[in-house]
Amino acid sequence: RCGRGTLEVVWFQHRSLADRLRREPRVVLFGAVRERNGRLQLNHPEVLALVPGEAEVEPIATVEIPPPRARYRALAGLSERQVAGLVEQVVNALDPRFPPEPLPDELLTELAVPPLSEALRSIHRPPVGIDLVAWSERSSAPYRRLAFDELLAHQRRLASGYAAHRGRRKEHHYQVDDRVRQIARDILPFRLTGAQKRAVGEMAAELQAPVPMLRLLQGDVGSGKTIVAALLMLLAAESGVQAALLAPTEILAEQHAASLQELFDGRYPVALRTSSAPAGSTESSAAALVVGTHALLEDSVSLPRLGLVIIDEQHRFGVTQRQLMVEKGRDVDLLVMSATPIPRTLALAGYGDLDLTLLDELPPGRSPVETLVRPKKERRPIYARLRADLEQGRQGYVVFPAIEPSEVPGLTSLEAMAPKIEEGLAGVRTARLHGQLSADERRTILAEFRRGEIQLLLSTTVIEVGIDVPRASAMIIEGAERFGLAQLHQLRGRVGRGTESSWCAAVHGRLNETGSQRLTAFAECPDGFAIAERDLAIRGPGELLGRRQAGMIAFRVADLGRDTDLLEVAQRVARREMSEASPATREIDGEVRWFVS
């Protein structure tokens with residue numbers, strides 16, 4: 001920025017430079033300005049230009065500044081200047097036509113990027129008059145060209161796996177006829193939304209195709225992913241195909257098994273396999289439907305007729321675990337479900353080997369959830385409101401980040417606060433729920449809560465998913481600064497499932513900048529897809545996808561938060577290439593029929 005002022009400049013061991021500066025007092029410098037003892041200081045800057053003339057300061061525009069130069073990081077044993085010199089030698093030695101252009105002209109035109117050789121030379125020798133902001137942010141055309149090459153290579157790897165799976169031929173077959181449709185209509189306790197009908201229709205058509213399905217089902221909290229999965233499992237059972245549902249926690253697996261048993265009313269045997277279930281207590285090999293946790297992955301679990309695998313909360317499982325489950329069958333159909341929407345960019349980058357189905361519609365009658373964010377010192381009126389709701393016959397939750405007190409400063413725990421809450425809500429039927437309880441104890445507590453015999457659950461995040469109690473209309477999240485944004489949204493999704501007005505209060509301790517941004521976004525965004533985009537902006541793609549996908553997103557130039565348009569084109573190009581190489585990977589043609597009208 002242009003302006004006038006005084007700046008202290010310091011060089012170390014540069015006496016000859018000091019003599020030159022005395023003779024040529026106008027200078028153009030490059031370096032980082034820092035504050036030291038209340039004064040601005042420029043330490044050991046690079047001299048871009050020494051301008052002969054009078055000492056009087058002239059506007060910077062009148063000074064002839066050298067052309068922009070690329071800067072390089074120092075390497076082991078090499079200074080920045082030495083690295084720059086070596087790169088310059090390489091660029092000088094290159095043939096102007098090297099490297100050869102791998103992309104067709106029409107794609108370069110669509111992307112508005114230069115050929116590869118031109119992009120590389122421009123980056124190492126920036127032309128005069130460039131947009132310095134775009135250059136520094138790596139959003140200029142030459143950088144976008146290199147970013148696209150990275151994204152295309154990544155999408156080709158994903159497309160290769162996609163093509164290998166889709167190039168197989170299934171031995172199992174699905175039968176969808178009027179009889180099966182009538183069974184589905186008879187067991188449904190409610191009418192499906194348009195989004196649910198569309199999702200079931202798409203996937204029923206894929207299941208009937210001769211190639212295996214690979215699909216990611218996304219939807220906001222409460223959008224009805226579970227009933228979609230249940231209808232696919234019904235289709236499998238009616239076709240003599242075994243279906244397995246993998247869940248990350250025992251509570252969620254137990255809830256899925258109970259829901260399927262209630263929905264199908266004994267029509268199909270449902271086996272539950274968890275670490276708490278003895279090895280001989282379930283007949284998983286014979287059951288039409290199998291539900292379980294990581295225990296399903298054990299070698300001792302045999303699923304001889306497995307044809308459909310559904311993985312819930314897919315982000316809690318690694319690629320290897322997913323593959324172990326798929327390999328229990330032969331050319332199985334795979335559906336992975338995400339209870340928290342994933343930003344489209346990350347879905348393409350992390351799960352680009354899957355087709356995507358969105359549930360972008362909530363069931364009718366869902367009441368909006370009022371969201372409050374309050375510091376601990378304002379906790380009292382929140383609990384007064386909770387008591388008033390419970391006295392009216394409603395139900396609620398108080399969620400804690402930990403079970404036991406710890407040495408972590410400011411950590412709010414269930415066991416430390418529960419006695420105070422129970423004393424303050426004397427007469428209210430409460431229960432404590434957490435992962436240290438036995439499976440039987442958890443099942444009993446949840447059953448009593450569903451029946452209304454328990455009004456308030458004091459819980460950890462074990463209730464984050466899989467709990468659907470319409471009369472629960474109040475939630476307090478203690479230590480809210482300890483939770484991620486997506487997790488906060490998941491917890492909030494446990495209320496607002498009935499017709500009563502509902503609310504969720506996030507009670508927090510001391511906040512840093514990231515924590516403040518997270519809770520502000522939580523209060524402002526009731527929609528899970530908007531939450532996902534805000535989470536991406538706050539945390540970045542690497543942290544959001546986690547270590548599971550770390551190898552996929554270690555890009556040198558591309559940025560998933562910036563280059564969404566390039567990523568979408570890269571996936572399209574990669575899939576087209578694989579489709580041309582292997583016709584079996586082409587999309588399923590034909591009209592999609594509604595499975596359930």
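What angle, in degrees between 0 and 90 and rounded to the nearest 10, separates the Cα long axis of helix 564-581 from the longest principal axis of the Cα atoms of the chain? With rounding to tens, the tilt is 70 degrees. Computed over protein heavy atoms with a 1.4 Å probe, the carbon and sulfur contribution to the accessible area of the chain reaches 50%.
A protection proxy built from the mean count of other Cβ atoms within 10 Å ranks the segments 173-179, 210-216, most packed first, as 210-216, 173-179.
At a Förster radius of 45 Å, what calculated FRET efficiency corresponds to the Cβ-Cβ distance of residue 169 and residue 510, to the nearest 0.05? After rounding to 0.05, the efficiency reads 0.15. Could you give the angle, 0 to 90 degrees to the nearest 10, between helix 225-238's Cα long axis and the longest principal axis of the Cα atoms of the chain? Once rounded, the angle reads 60 degrees.
Rolling a 1.4 Å probe over the protein heavy atoms gives the chain an accessible area of 50 Å² per residue.
What are the ³J(HN,Hα) values, in whole Hz, obtained from phi via the Karplus relation 6.51 cos²θ - 1.76 cosθ + 1.60 with θ = phi - 60°, for each residue of region 91-108 in sequence order, with x given for Gly and Pro? My calculation for region 91-108 gives 4, 5, 7, 6, 5, x, 8, 9, x, x, 7, x, 9, x, 4, 5, 6, 4 Hz in order.
Label zone of residue 191 (point 7 Å out along Cα→Cβ, amide N under 11 Å): in region 358-400 this covers 364.
Relative to the longest principal axis of the Cα atoms of the chain, the long axis of helix 141-166 lies at roughly 30 degrees. Exceedance of the 22 Å cut-off in Cα-Cα distance is limited, within the set 197/225; 197/328; 170/225; 225/328, to 197/328; 170/225; 225/328.
Less than 5 angstrom separates the built amide H of residue 505 from those of 372, 475, 476, 477, all sequence-distant by 5 or more or on a different chain.
The values are calculated or read from the model by the stated rules, or taken from the named source; none is laboratory data. On a predicted model such as this, the values are computed, not experimentally measured, just so you know. Don't worry about glycine lacking a Cβ; one is built from the backbone with ideal geometry, like all the others, and counts go over all protein chains shown. Heads up: the accessible areas ignore ligands, DNA and RNA and are worked out on the full protein's heavy atoms, side chains in. Shrake-Rupley method; radii C 1.70, N 1.55, O 1.52, S 1.80 Å.
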